[in-house]
Amino acid sequence: MQEFMLVFRQSTDAPLPTPEQLAAVSPVWEHWMGGYIVVKAADLEEATTLAHGCPILLNQGTVEIRPIDAMR
């Protein structure tokens, strides 16, 4: 297994969520960390699949996926 960092970015052009949208997405974020997380995945394809569930994508945000190299 490899480690990948998922970096969450919100577009500055995205509209602010309504109170109803915030209430709907808040429980989803409880399962994700804000800013970035590190996941273990077999490869980049699996890391990408994991990123598809990120709630930042519900409001025009993006998830940047970066492999992490072990320090030697």
Practice problem: Please report the relative contact order for the chain, taking Cα pairs under 8 Å with a sequence separation of at least 6, and give it as a percent rounded to a whole number. | Solution: 57
Practice problem: For a footprinting-style exposure proxy, rank I65, I56 by other Cβ within 10 Å, fewest first. | Solution: I65, I56
Exercise. Grab every C-alpha pair in the chain, bin the distances at 10 angstrom width from 0 up to the longest one, and report whole percents.
Key: 19, 48, 25, 8, 1
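Coordinate-derived values only; no laboratory data. Computed from a predicted model, the values in this text were never measured in an experiment. Neighbour counts run over all protein chains shown; Cβ positions are idealised from the backbone, glycine included.
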